[in-house]
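Contents: one structure, followed by commentary.
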Amino acid sequence: MADNNPDATPDAPARPAAPDAADLAVAGLAFDNRTPYSAVQFDIVDQHGGAFHVFVAKIGYALGPCDAQRWASLTELAAPAELNTTDRHVDDNPAASVLEESDLAPHKPRCDVIVVGSAYAPKGVAVDAFPVRLAVETAGTKAKRLVDKVLVVSGGRQFQKRGVLTRLLGLPIRLATLGLASLGTWTLSLPGRLTQLPLRYEYAEGGQCRINRDDPAAARVEKKYRLPDSAKPLQPGDAIAHEACDSNPVGRGFTRQWFLAASQASSVDAAQITRRDSPCSAKQFMASAKGAPLPEPAGFGAIGRAWLPRRTLIGKIEEKAHRAVNEIRNLPAEFDFGYWNCAPRDQQCDYLRGQARIALTNVCRHDAPFAWIDEVGNTMLRLVLPRQELLVLAANGNKELITLRLDLDTVCLKPDGARLELVWRGNLPSELGIVAARLMHITEAAQIERLDMLVRHQWGGDGTAAAPAAR
């Protein structure tokens, strides 16, 4: 195998050479899915060279009418919910926000709770703003609240530049208060009225400033803000200046002074989905124009893989001028498997289990059969996760049995489609010599209790097998 560490020195030893494809061959196993659900098995190698067998399964449910206690009913889909093998974007546009990520993540350290849908005004009556909420709690009389997130959805609004006369009239105020108060150059308009808005990051704080070569504003972009000249001549649609919000490049409200000056904009669309504790304001907009970061984007959906802070979990990617033909790139030494968690940080929680409760406020139509109206007019959707477990019964070459309980690590609510999807995942180290694995599904309380006892005895602690990069 070729030497992949030509720059190693006694004082600075290089990282171990990247392995050849043949070096990473993981002994295959016979996977037998004994459930009616979609499932897959594949293998991975972590950043330390440890090989693992990965098991993923998915169950889908239809949301139905509420019971006497106002909990929505759940009925398994007639056709199995298919595993997502690729990321799915809004309008199938890779540049747009993500609706659902691929289910083929190798490991998630926590559970993602995701909502794919829209916000609906209470009782279907148009208003200028209303709250939406996602809450998750454990089962039992002493339930623990795991997620409690409230956003505010507003009608369309803009940051508007004040006229010259208005700004001059505000000068005495600024002088009288020694600059402590002023009208400001920009103001936020009152929101329009709305009855519905897609819960997408396109309506949250973020966005980008871009001026193309063929734009009349291109001539007004100062040289220091222009992109470095490329080796080939710019085409009409190429950007001459471009800057994006790293935490949400698809949103609205992000700006820079150079862009406002060059574009001569008199209005900029403002965010319509914000956090309750961080309302949108003209002061914030003007600070952003001077380089201040925007608040974390508000939403219930998946965060983009390349957005901050998620992309920092990848670690430092090794750059090499030449690679061997069959060389497989190592994961960065600092790679954090939390990268595979796609939910916002405040929608990640401990792995959920049966009887956990989820509540949504104003995230479905007021007349949906699985919804009800609370005492203040909000539309409520509540559900209880079914009591069940998915497990893998594996055998090694010595015919020794190994039991692995899969973790429920992805909950995807789709109220517009009256649907709930649950994804389970688990890993077994290849060093166990597994030759066959059978996926099984249990729902009886006695079966689940015996499984809990078995995995605690086998794995110790909470019964969790060693995860990649955590051995």
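Where in region 235-263 does the amide nitrogen come within less than 15 Å of the point 7 Å from the Cα of ALA292, taken along Cα to Cβ?
254-257
I'd like the Karplus ³J(HN,Hα) series for region 244-255: coefficients 6.51, -1.76, 1.60, θ = phi - 60°, whole numbers in Hz, and an x wherever there's a Gly or Pro.
10, 6, 5, 8, 6, x, 9, x, 9, x, 6, 7
So for region 293-363, averaging the separation of alpha carbon pairs under 8 Å that are six or more residues apart and normalising by length, what relative contact order in percent results?
That works out to 36 percent.
When only C-alpha pairs under 8 Å and at least 6 residues apart count, what is the relative contact order of the chain, in percent?
24 percent
Apply the Karplus parameterisation 6.51 cos²θ - 1.76 cosθ + 1.60, with θ equal to phi minus 60°, to every residue of region 113-124 and state each ³J(HN,Hα) to the nearest whole Hz, in sequence, with x for glycine and proline.
Once rounded to whole Hz, the list reads 10, 10, 10, 10, x, 9, 9, 10, 5, x, 6, x.
With everything on Cα atoms, drop me the angle between helix 445-459 and the longest principal axis of the chain, reported from 0 to 90° to the nearest 10.
90 degrees
Run the quick spin-label model on LYS316 and LYS142: label points 7 Å from Cα toward the beta carbon, then report their separation in nm to one decimal.
4.7 nm
Run down the lysines and flag those whose C-alpha is under 26 Å from the C-alpha of LYS414, throwing out any fewer than 8 positions away in its chain.
LYS414 reaches LYS58, LYS108, LYS123, LYS144, LYS149.
Sequence gap at least 6, Cα distance under 8 Å: using those rules, report the relative contact order of region 60-139 to the nearest whole percent.
Dividing the mean separation by the residue count of region 60-139 yields 16 percent.
Quick one: what Rg and Dmax do you get for the chain from the alpha carbons, in Å?
My reading of the Cα-based Rg and Dmax gives 26.4, 88 Å.
Beta carbons within 10 angstrom, averaged per residue: use that to sort the peptides 140-146, 155-161, 441-447, highest first.
Most protected by this proxy first, the peptides run 155-161, 441-447, 140-146.
How high is the FRET efficiency between ASP346 and SER281 when r is their beta carbon distance and R₀ equals 22 Å, given to the nearest 0.05?
After rounding, the FRET efficiency stands at 0.55.
Using +1 at the C-beta of Lys and Arg and -1 at the C-beta of Asp and Glu, which of ALA96, SER189, ALA239 has the Cα lying farthest in the positive direction of the dipole of the chain?
SER189
Long-range amide H contacts for ALA119: which residues qualify at under 5 Å (H placed 1.01 Å from N, peptide plane, sequence gap of 5 or more or a different chain)?
LEU197, LEU199
Give me the distance between the Cα centres of region 318-356 and region 71-113, rounded to whole Å.
17 Å
Provide the FRET efficiency to the nearest 0.05 for the ALA126-ARG323 pair, computing r from the beta carbons and using R0 = 56 Å.
It comes out at approximately 0.45.
Quick one: go through region 35-70 and flag any residue whose amide nitrogen is under 17 Å from the point 7 Å out along the Cα-to-Cβ line of GLU431.
Inside the label zone: 44-54.
What is the packing order of peptides 256-268, 110-122, taking the mean over residues of other C-beta atoms within 10 Å and listing the highest first?
Top to bottom by mean Cβ count within 10 Å: 110-122, 256-268.
Within region 286-320, find all residues whose amide N lies under 12 Å from a label point positioned 7 Å from the Cα of GLU334 along Cα-to-beta-carbon.
Correct set: 312-318.
Could you work out how far apart the two model spin labels at LEU393 and VAL376 are, taking each label as a point 7 Å from the Cα in the direction of the beta carbon, and quote it in nm?
Distance between the two pseudo-spin positions: 5.1 nm.
Any idea what % of Cα-Cα pairs in region 297-405 are farther than 24 Å?
60 percent
Anything over 21 Å Cα to Cα? Flag those among LYS224/LYS290; LYS161/LYS290; LYS224/LYS283; LYS161/LYS283, in the order listed.
Correct reply: LYS224/LYS283.
Please compute the volume of the convex hull spanned by the alpha-carbon atoms of region 334-471 and report it per residue in Å³.
Looking at region 334-471, the number lands at 153 Å³ per residue.
Please work out how much length the chain gains when fully extended from ALA418 to ARG210, using 0.36 nm per residue of separation minus the C-alpha to C-alpha distance, in nm with one decimal.
71.0 nm
Between ASP91 and GLN447, what length comes free when the chain is fully extended (0.36 nm per residue of separation minus the Cα-Cα distance, one decimal in nm)?
123.8 nm
Please compute the modelled spin-label separation between ALA265 and GLN355, points set 7 Å along Cα→Cβ, answer in nm with one decimal.
Using points 7 Å along Cα→Cβ, the separation is 5.2 nm.
Taking amide H atoms as placed 1.01 Å from N in the peptide plane, list the residues 5 or more away in sequence, or in a different chain, whose amide H sits under 5 Å from that of LEU146.
Distant-sequence amide H within range of LEU146: VAL136, GLU137, THR138.
Tell me which residues come under 5 Å, amide H to amide H, from GLU100 once H is placed; ignore anything under 5 positions away on its chain.
Counting only residues 5 or more places away or on other chains, the set is ARG88.
Values in this text are rule-based calculations from the coordinates and carry no lab data. Worth saying up front: this structure is predicted, and the values here are computed from it rather than measured. Because the Cβ atoms are built from the backbone with ideal geometry, glycine has one as well, and the counts that use them run over all protein chains shown.
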